[in-house]
Amino acid sequence: MRLLGPWPARAGVGFVRACAVTVVSMLVPAVWAGAVALGIWWGAGNPWSWLAPFVLVCVGALLLPRPVCGMVRLLVAKWTGTVVPAGYRQAGPVTQMSTGYWWNGFGYERTDRDALLDQRWRVRWNDPANWRDLRFTVIAPLTAGLVAALPPAGAAVAVLGLVQPGPAARGAGVLGLVAAVAGAPYAWRPIVPVTARFLRPSPAMAMADRVDELTAQRADTTVAQAAEIRRIERDLHDGAQARLVALGLSLATADVLLESDPEQARALLRDARAGATASLAELRELVQGISPAVLTERGLVDAVRALALDIPLDVAVSADTPLSLDAPIESAVYFGVAELLTNAVRHAQASRARVSLVHDGAGIVVGVEDDGRGGAGDRAGGGLAGLRRRLAVFDGTLEITSPRGGPTRVRMALPCESL
């Protein structure tokens, strides 16, 4: 970990951080200690002496652990950049059934407000992360909290010793000051490994999150497949099917007019030939949108280069080695590049673009950069959001950097093995 600067600055920053760790980690034990002290002060003779301590214990055990753990994660991430996932269960959608009742994943309610309230409490109190947070509020004070309390305790001893008369008090004050200053840069640091060890999601929680993620991906894939089937049906119905129907009518009419009006029959046959050619072109275009022939015949790199030739941009394509991947991954990468280049033309008003395809040993990394006006965002329902969902099916990721004024840089990464 890098140094924060000269020793006085490091000591000052470390002292503040140690105080913050001490306060946050000792908050729940302080509430419990207050409950015990209040019960002792009231005495056993008062029949209501148990009520207030009981309320404080419940607050300390049920309401405070989650905010305390969230504050610890925030401090650790801000100070060291170590991000510890929360791993809390997320509530699912609340839907209205045909009966008029609202289903929240647990039961039916008459109104969406009641369904959301019931769902929120059920998810909150059935979450196994609650026990993890409660365990952390017990472990942290006895480990990182005690270490972090040394500089504040040393400072308190220093203040009390220096204001008291006598050499013994002053000696204790000097020792306390030395302990506070020497230990301040390091006393807060144990909170980092303690947080990473005891606040990370358990394997069961991670598995539950993974199941939820796969369920969402399956739903997205189903919706995307249904939309693609509807698109193919619409294109066939409005294009090739209509032309083929007209072709059949033209051939039937030409057959009738062949003896009575040969010239008109020949004209209809010429129109039918042109219609057949147009239908064949539309069918080829439709197949190209489903599975490009160049992708099957020549591979991903050459298919992207062929795509770049059809884009009204100056597109440079680079690849470190010829890539031979599984067909679904090749298709996802190809259509992802097509989506990004189309956005560069349609929205970014770019004049140049660059596409790079690299296999880094763990997967394929595709970078697309253009010199457009920037401002690209991953908006709900947009093309980039759809691209992110398509990549997520293969555990792929999408990173977008697009400041106002450009340039726009997009990075797609999919784990795979190059064949």
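The values are calculated or read from the model by the stated rules, or taken from the named source; none is laboratory data. These numbers come from a predicted model, not from an experiment. Note that each Cβ is placed from the backbone with ideal geometry, even for glycine, and that neighbours are counted across all protein chains shown. Protein only, heavy atoms only, side chains kept; ligands, DNA and RNA dropped before computing areas. Shrake-Rupley method; radii C 1.70, N 1.55, O 1.52, S 1.80 Å.
Around P65, under 10 Å between beta carbons, what's the net of Lys plus Arg minus Asp minus Glu among the other residues?
Combined, the nearby Lys, Arg, Asp and Glu give +2.
Rounded to the nearest percent, how much of the accessible area of segment 1-155 (1.4 Å probe, protein heavy atoms only) is carbon and sulfur?
Solvent-exposed carbon and sulfur of segment 1-155 make up 71 percent of the total.
Once the piece of chain linking A306 and D326 is laid out straight, how much longer is it, given 0.36 nm per residue of separation minus the C-alpha distance between them?
Answer, rounded to one decimal: 5.3 nm.
Can you pull the percent of segment 297-415's accessible area that's carbon plus sulfur, 1.4 Å probe, other chains left in place? Write out the running numbers ahead of the final one.
Details: 2920 of 5840 Å².
Summing carbon and sulfur atoms, their accessible area is 50 percent of the total for segment 297-415.
What nm distance separates the two modelled labels at L162 and L116, each placed 7 Å from Cα along Cα→Cβ?
Calculated label separation equals 5.5 nm.
Under a plain spin-label model, where a point goes 7 Å from the Cα along Cα-to-Cβ, how far apart in nm are V245 and I40?
Distance between label points: 9.0 nm.
Can you pull the accessible area of C58 for me, 1.4 Å probe, Å² to the nearest 10?
Surface open to solvent at C58 totals about 40 Å².
Rounded to the nearest 10 Å², what accessible area does T95 show when all protein chains are kept and the probe is 1.4 Å?
60 Å²
Sort L63, L325 by accessible area with a 1.4 Å probe, largest first.
Working: L63 95, L325 10 Å².
Order by accessible area, largest first: L63, L325.
Assuming R0 = 45 Å, can you tell me the calculated FRET efficiency for the pair I400 and Y101, based on Cβ-Cβ distance, to the nearest 0.05?
With R0 = 45 Å, the Cβ-Cβ based efficiency is 0.65.
Rounded to the nearest whole Å², what accessible area per residue is found for segment 113-178 with the 1.4 Å probe?
57 Å²
With r defined as the distance between the Cβ atoms of A61 and A182 and R0 fixed at 35 Å, what FRET efficiency is calculated, to the nearest 0.05?
After rounding to 0.05, the efficiency reads 0.45.
Using a simple spin-label model with points 7 Å from Cα along the Cα→Cβ vector, what separation in nm is obtained for H347 and A274?
3.9 nm
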